[in-house]
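The values are calculated or read from the model by the stated rules, or taken from the named source; none is laboratory data. Not measured: the values here are computed from a predicted model. Don't worry about glycine lacking a Cβ; one is built from the backbone with ideal geometry, like all the others, and counts go over all protein chains shown.
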Amino acid sequence: MSARFIVEPTPLAGCCALTRAPLGDERGFLERLFCSEDLGPLWGQRPIAQINRTVTATKGTLRGMHFQHAPAAECKYVTCLRGVVYDVAVDLRADSASFGRWFGLELSGASHNALIIPEGFAHGFQTLSDDVEMLYLHSAAYNAGCEGGVNAHDRDLAIDWPLPVTLQSPRDQALPPLSDIKGITP
């Protein structure tokens with residue numbers, strides 16, 4: 001790793017938290033968001049097939065928990081550019097010792113941090129401020145036929161969302177419970 005990224009493992013194998021080290025002066029800063037050379041041990045030879053941006057207006061909004069099945073399973077690099085979120089990854093890998101366990105981390109534009117979430121994980125977040133902007137790098141393009149999800153309110157998951165939910169899409173509210181997910185093969 002270079003001095004531009006500090007990487008910390010999470011309790012879920014393959015899922016890593018990282019903090020970027022911006023270079024700044026009186027003009028502002030330059031921040032390397034991603035570098036295949038520096039992040040090669042984490043990202044591997046995966047392509048960046050898609051880059052998505054979300055803007056969420058209201059504090060307390062919950063998005064997720066989404067994933068894609070093979071052959072469109074994807075690794076995600078997720079970061080918050082503006083505002084603050086509680087970002088969560090859930091291990092759904094069929095052969096994983098941590099199947100059904102989750103890891104959450106506060107991401108913010110001010111903290112310059114991110115999560116790298118490998119294939120076989122569901123992902124979602126709750127906004128902790130208004131006017132949140134997120135950026136995602138995906139190793140596979142979106143494929144509607146491979147889309148999946150798990151309910152963010154499932155009692156078996158027991159995700160400890162920091163705020164009462166103020167807004168969630170009907171589609172996300174209707175996602176199945178963990179008991180319906182038999183494990184996905186990345």
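Looking at segment 170-186, is at least one residue exposed (fewer than 14 other Cβ atoms within 10 Å of the Cβ) and β-branched (Val, Ile, Thr)? Yes; the residues of segment 170-186 include at least one that is exposed (fewer than 14 other Cβ atoms within 10 Å of the Cβ) and β-branched (Val, Ile, Thr).
Among residues that are modelled with pLDDT of 95 or more, touching a strand residue (DSSP E or B) at 6+ places or on another chain (Cβ under 7 Å) and more than 29 Å from Ala3 (Cα to Cα), Pro162 is included. Take the residues in segment 154-172 that are acidic (Asp, Glu) and part of a loop (DSSP other than H, G, I, E, B); name whichever of them is farthest from the chain's Cα centre (by Cα). That would be Asp156. Scoring Asp95 on the criteria (1) modelled with pLDDT of 95 or more; (2) touching a Gly at 6+ places or on another chain (Cβ under 9 Å); (3) within 21 Å of Asp180 (Cα to Cα); (4) not aromatic (Phe, Trp, Tyr) leaves a single failure, condition (1). Residues in segment 59-77 that are buried (at least 23 other Cβ atoms within 10 Å of the Cβ) and either closer than 12 Å to Ile184 by Cβ or among the β-branched types (Val, Ile, Thr) (or both): 3 in all. Within segment 16-28, the presence of at least one residue that is closer than 13 Å to Phe121 by Cβ and at pLDDT 95 or above is confirmed.
Residues in segment 36-58 that are exposed (fewer than 13 other Cβ atoms within 10 Å of the Cβ) and at pLDDT below 85 were compared, and the one that is farthest from Ile117 (Cα to Cα) is Glu37. When the strands (runs of 3 or more DSSP E) confined to segment 1-106 are screened for residues that are aliphatic (A, V, I, L, M) and within 21 Å of Pro162 (Cα to Cα), those reaching at least 3 such residues are found at 84-91.
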